[in-house]
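Everything on this sheet refers to the single structure shown next.
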Amino acid sequence: MILNKIGNIIKQNNDFAIVSHLLPDGDAIGSTLGLYNFLNEIGKEVDAYNPDKLPLKFDFLPGFSDVKNTLIDKHYDCIFVLDCSDKERLGHLVELLNKADVVVNIDHHISNDLFADVNYVDTNAGAVGEIIYNLIRINGFEISQKTAMCLYTSIVTDTGGFKYSNTTSMTLNIAGDLINTGIDFPEINRILFDTLTVQQVKLLSKVTSTLELYKDNSIAVIYVTKDMLEECGANENDASEMVNYARDIDTVEVGVFIKEVEKGKYRVSLRSKNKIDVRMIAEKFNGGGHIRAAGCTVFGDLDEVKNKVLNEILNHWK
Ligand code: AMP
Ligand code: MN
Ligand code: MN
């Protein structure tokens, strides 16, 4: 089985790198640091990378401050690419792929284009953290509390606190085993889901006041501009979960959150509840994701971006 093959790569080599997608979420960071702590603990040399700055909210995770943003001059035996559906999502760190003997791609996105030497894509996994858990266990290793904190974070964030349809009995069994290591999971949940900064609360009131509704209140669009962030003293990560306020409206099927990246360039997050496959919509703009959560980058001014995305949603309406 391929997880044994990847286990043998781990056992037979010494120098590893790990990288995940830009604009990292809890799964990107949690799976990276889970594998990072594990490899360190079994005595391997390992560097963890991400092309973007990690949101500070994850600074409680062991190894958080070790994550590098720029390449060091080193050749690796093996590099792991996690939660990343294609090379473009590595940003400037795509160069890493040329700095290793073997590239291993571990992911759960259906759109993964199998860019590596060894590819393991399990679309039934709620989070890449589940796959890293299985990789460690199937190869006969133990999971420390440090590793468990990271993998738990990966799984609990990508499943929206075990609430989304990507949650399976396997997800819950794995989470149960991680909790059995003695991690303080209520504290982790509090940090991840029940903590906002003053800046975020101020920003929330501005963002929710941009609400526009379409198609009998079944599509909700909210946005944030750089000016709004600045007025609240907030940074761009502070808005990362706000798409949920659009989705959570009782009548809404598709929630859209548009974030200004720079003039003429917007990052769009899409969420749906029951009917619409938002990945298909994101893919029209060269983005991707999952059936109920996807993202893409769209060019134009705010109104153009809004209209382009709305039209594409209406094209997919069932
Ligand atoms: P976001 O709206 O950025 O939170 O993304 C929602 C989901 O879609 C996450 O699983 C992302 O990893 C995935 N996703 C976002 N943007 C892309 C993209 N450009 N290509 C592939 N997957 C994406
Ligand atoms: Mn992700
Ligand atoms: Mn993921």
ask   = Which of (1) modelled with pLDDT of 95 or more; (2) within 16 Å of ligand 2 (Cβ to nearest atom) is the odd one out, the single condition L23 does not satisfy?
value = (1)
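Listed residues G7, G43, G26; which is among the small types (G, A, S) and either outside the structural domain of A100 (by TED's automatic domain parsing) or surrounded by 22 or more Cβ atoms within 10 Å (Cβ to Cβ) (or both)? Don't jump to the end; show me each part of the working.
Details: G7 fails: either outside the structural domain of A100 (by TED's automatic domain parsing) or surrounded by 22 or more Cβ atoms within 10 Å (Cβ to Cβ) (or both); G43 fails: either outside the structural domain of A100 (by TED's automatic domain parsing) or surrounded by 22 or more Cβ atoms within 10 Å (Cβ to Cβ) (or both).
Only one candidate passes the filter, namely G26.
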ask   = away from ligand 1 (no atom under 11 Å from the Cβ), charged (D, E, K, R), surrounded by fewer than 23 Cβ atoms within 10 Å (Cβ to Cβ) and within 18 Å of the chain's Cα centre (by Cα): does that describe D122?
value = yes
message = Quick test for you: out of A220, A175, pick the one residue that is of a type outside the set (K, R), surrounded by 12 or more Cβ atoms within 10 Å (Cβ to Cβ) and touching a strand residue (DSSP E or B) at 6+ places or on another chain (Cβ under 9 Å).
response = A220
message = Among the residues of segment 47-59, are any basic (K, R) and closer than 26 Å to L3 by Cα?
response = no
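Output the residue which, of all residues in segment 125-145 that are under 25 Å from L71 (Cα atoms) and out of contact with any strand residue (DSSP E or B) (no Cβ under 6 Å at 6 or more places or on another chain), is surrounded by the most Cβ atoms within 10 Å (Cβ to Cβ).
This residue is G129.
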note = Of the candidates L90, L135, the one satisfying the condition of being within 16 Å of ligand 2 (Cβ to nearest atom) and in the same structural domain as L61 (by TED's automatic domain parsing) is L90
request  = Could you look through segment 54-66, keep only residues that are free of Cβ contacts under 8 Å to residues at least 60 places away in the same chain and more than 15 Å from ligand 2 (Cβ to nearest atom), and pick out the one that is nearest to F16 (Cα to Cα)?
outcome  = D66
request  = Check whether at least one residue in segment 285-307 is buried (at least 16 other Cβ atoms within 10 Å of the Cβ), of a type in the set (A, V, I, L, M), more than 28 Å from A127 (Cα to Cα) and away from ligand 1 (no atom under 13 Å from the Cβ), and report yes or no.
outcome  = yes
inquiry  = For segment 300-318, give me each residue that is assigned to a loop (DSSP other than H, G, I, E, B) and not acidic (D, E).
reply    = G300, H316, W317, K318
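The values are calculated or read from the model by the stated rules, or taken from the named source; none is laboratory data. Note that the structure is a prediction, hence the values are computed from the model and not measured. Glycine gets a Cβ as well: all are built from the backbone with ideal geometry, and neighbour counts include every protein chain shown.
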